[in-house]
Amino acid sequence: MWGGRFAGGPSAIMREINASIPFDKRLWRQDIAGSRAHVAMLGAQGIVSADDVAAIDGGLATIAAEYEAGGVPEDLDREDIHMTAESRLAELIGAPAGRLHTARSRNDQVATDFKLWVRDAIDAVEAGLAGLQAALVARAEEHAASVMPGFTHLQVAQPVTLGHHLMAYYEMIGRDRSRFADAKARANLCPLGAAALAGTGFPIDRSATARALGFAGPTRNSLDSVSDRDFALDYLMAATQCSLHLSRLAEEFVIWASQPYGFVSLPDSYSTGSSIMPQKRNPDAAELVRGHSGRIAGCMVALTMTMKGLPLAYSKDMQDDKPPVFEAHDLLALSIAAMTGMVETSTFRTERMRGAAEAGFSTATDLADWLVRQADIPFREAHHITGRVVKLAETENVALSALSLDALQAIDARIDERVFAALTIDASVAARSSFGGTAPDQVCARVAEAKIALGAGA
């Protein structure tokens, strides 16, 4: 393609390091779409004849059918998906194929292809995350009143409901979806027509190609157009944050599935066994989701470092922009699917959860709150009194509600028999009825809102 300037061909090593077709063949649909939009614009502007436009468009349609049926061939001499498609076009239609590259460069071509691919990837992730949210909401509705221990520092803190716990992840995933939506909005300008770096002298219509490819409009600076990879970094940043949320949920399942906890039983379809220990049921799917988050974060760091310090405009370093995005997307899509399946099919052992909530003095704060409300004691003093009560219960190895009134009044005479109504875990959960709290009525309200939002595609 540059034989007029070079007397000799590249070395074998140069061919291998320079070629990107092994990975950028994944852009073939976007490359064909961009080329068809570009040649249609060239024809509309009178830059290429109608006959040549028809031949080129027909050839591109044939290539798309070939790639769909048999995949994209890998020839290192053709370097990348752009030259692979263009060379095949020349084989199919001859000389008119050479007119396709009028008024464009591989620099604006690859930026456009990659943006289109990232946009499609965001749509796929969005659909997957909506499915995960729907699974979380369904199980939260089922367990709106199922009591479990809430933890801080992985120590039993206060009783909550399983529905409330699951809806916390619904909120996290909602923020992930908003980040991907923001990334897509920022990526919605078309680089095609920026050419190599300075624009072109041909009378092209960049707005037409932008519209044809579903963009809001053309990019506004040709230098920035070909050197920008913010859209890829935006995708990776959003993917990294999302993977962290998935990893946290996966870790919950790993812990909950362990025998000391026994809060959840994973189905066979998301578990594995041991080659030596017949009794084992390992939460490998959850562990792999947890592990994938590190790889996705690594992809984000890789592209960040690639882009650091690059001068305007295009540099060959940027050929390495696609592998980390492709890898992160594949891992994220698989992680979303795995977590959705686990949420949908796992059996929550609610009696075991309830027993753990009852065993950890989780209603201690309710005693302190009762002292504030009923005995008009300042909270800090109530906190101290409650600490003495917990110490007594721990010494006697009983729940707070199992202490006698005499024992409680020996610590503070202002305690009366009404306190026992506040010390059950059901009363504790029901009392947390502030907006966004764990009370079953609050959980049901958030579930109802979520179902409306999901139905509206939010």
Open item on the list: Within region 380-406, take every residue that is part of a helix (DSSP H, G or I), at pLDDT 90 or above and of a type in the set (S, T, N, Q) and give me the one that is farthest from Ala356 (Cα to Cα).
Closed with: Thr386
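Per-residue answers, yes or no, for (1) of a type outside the set (Phe, Trp, Tyr); (2) within 22 Å of Ile173 (Cβ to Cβ); (3) in contact with a Pro (Cβ under 6 Å, 6 or more places away or on another chain); (4) open to solvent by 20 Å² or more (accessible area, probe 1.4 Å):
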| position | (1), (2), (3), (4) |
| --- | --- |
| Asp284 | yes, no, no, yes |
| Leu288 | yes, yes, no, yes |
| Ala302 | yes, no, yes, yes |
| Thr306 | yes, no, no, yes |
| Val325 | yes, yes, no, no |
| Leu334 | yes, yes, no, yes |
Task: Subset tally (residues that are assigned to a helix (DSSP H, G or I), modelled with pLDDT of 90 or more, closer than 17 Å to Ala382 by Cα and aliphatic (A, V, I, L, M)) for region 407-426 - done: 5
Open item on the list: For region 54-82, which positions are open to solvent by less than 30 Å² (accessible area, probe 1.4 Å), assigned to a helix (DSSP H, G or I) and under 17 Å from Leu27 (Cβ atoms)?
Closed with: Leu60, Ile63, Ala64, Tyr67, Ile81, His82
- [ ] Please specify each residue of region 106-143 satisfying the condition of being open to solvent by 10 Å² or more (accessible area, probe 1.4 Å) and either in contact with a strand residue (DSSP E or B) (Cβ under 7 Å, 6 or more places away or on another chain) or hydroxyl-bearing (Ser, Thr, Tyr) (or both).
- [x] His143
Open item on the list: Here is a check on your reading of the model: is Val429 assigned to a helix (DSSP H, G or I), touching a residue at least 60 places away in the same chain (Cβ under 8 Å), in contact with a Ser or Thr (Cβ under 8 Å, 6 or more places away or on another chain) and over 16 Å from Leu371 (Cα atoms)?
Closed with: yes
- [ ] Check off (1) closer than 30 Å to Pro440 by Cβ; (2) without any contact (Cβ under 8 Å) to a residue 24 or more places away in the chain; (3) assigned to a helix (DSSP H, G or I) for Leu166 and give me the number that stays unchecked.
- [x] (2)
Open item on the list: Just to be sure I understand, how many residues within region 13-53 are more than 16 Å from Asp205 (Cα to Cα), open to solvent by 70 Å² or more (accessible area, probe 1.4 Å) and not charged (D, E, K, R)?
Closed with: 4
TODO: Only residues that are assigned to a helix (DSSP H, G or I), over 19 Å from Ser404 (Cβ atoms), open to solvent by 20 Å² or more (accessible area, probe 1.4 Å) and not acidic (Asp, Glu): list them for region 364-379, please.
DONE: Thr365, Val372, Arg373, Phe379
Open item on the list: Of the conditions (1) open to solvent by less than 30 Å² (accessible area, probe 1.4 Å); (2) over 30 Å from Ala239 (Cβ atoms), Glu86 satisfies every one except a single condition; which number is it?
Closed with: (1)
Open item on the list: Filter region 434-458 down to the residues that are part of a loop (DSSP other than H, G, I, E, B) and either under 27 Å from the mean Cα position of the chain (by Cα) or modelled with pLDDT under 95 (or both) and list them by number.
Closed with: Gly436, Gly437, Thr438, Ala456, Gly457, Ala458
TODO: Within region 306-355, count every residue that is assigned to a loop (DSSP other than H, G, I, E, B) and either at pLDDT below 95 or under 30 Å from Ile17 (Cβ atoms) (or both).
DONE: 8
- [ ] Kindly provide the set of residues from region 287-314 that are farther than 30 Å from Phe253 by Cα, touching a residue at least 40 places away in the same chain (Cβ under 8 Å) and small (Gly, Ala, Ser), ordered by number.
- [x] Ala313
Task: Filtered residues of region 406-458 (kept if open to solvent by less than 30 Å² (accessible area, probe 1.4 Å) and more than 30 Å from Val389 (Cβ to Cβ)) - done: Val447, Ala450, Ala453
- [ ] Check whether at least one residue in region 208-217 is modelled with pLDDT of 95 or more, among the aromatic types (Phe, Trp, Tyr), buried (at least 18 other Cβ atoms within 10 Å of the Cβ) and in contact with a helix residue (DSSP H, G or I) (Cβ under 6 Å, 6 or more places away or on another chain), and report yes or no.
- [x] no
Task: Residues of region 253-266 that turn out to be surrounded by 14 or more Cβ atoms within 10 Å (Cβ to Cβ) and either touching a His at 6+ places or on another chain (Cβ under 8 Å) or within 20 Å of Gly291 (Cα to Cα) (or both), as a count - done: 6
Task: Subset of region 349-363 (residues that are of a type outside the set (Ser, Thr, Tyr) and either open to solvent by less than 10 Å² (accessible area, probe 1.4 Å) or touching a residue at least 40 places away in the same chain (Cβ under 8 Å) (or both)) - done: Arg349, Arg352, Met353, Arg354, Ala356, Ala357, Glu358, Ala359, Gly360, Phe361
Open item on the list: Looking at region 89-104 only, could you name the residues that are surrounded by 20 or more Cβ atoms within 10 Å (Cβ to Cβ) and part of a loop (DSSP other than H, G, I, E, B)?
Closed with: Leu100, Ala103, Arg104
Open item on the list: Return the residues of region 252-286 that are in contact with a helix residue (DSSP H, G or I) (Cβ under 6 Å, 6 or more places away or on another chain) and either in a helix (DSSP H, G or I) or under 13 Å from Ser346 (Cα atoms) (or both); say none if nothing qualifies.
Closed with: Phe253, Val254, Gly262, Phe263, Val264, Leu266, Pro267, Tyr270, Pro283, Ala285, Ala286
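The values are calculated or read from the model by the stated rules, or taken from the named source; none is laboratory data. Source: prediction; values computed, not measured. All Cβ positions, even for glycine, are placed from backbone atoms using ideal geometry, and neighbour counts span all protein chains on display. Please note that ligands, DNA and RNA were not included when accessible areas were found on the heavy atoms of the full protein model with its side chains. Shrake-Rupley method; radii C 1.70, N 1.55, O 1.52, S 1.80 Å.
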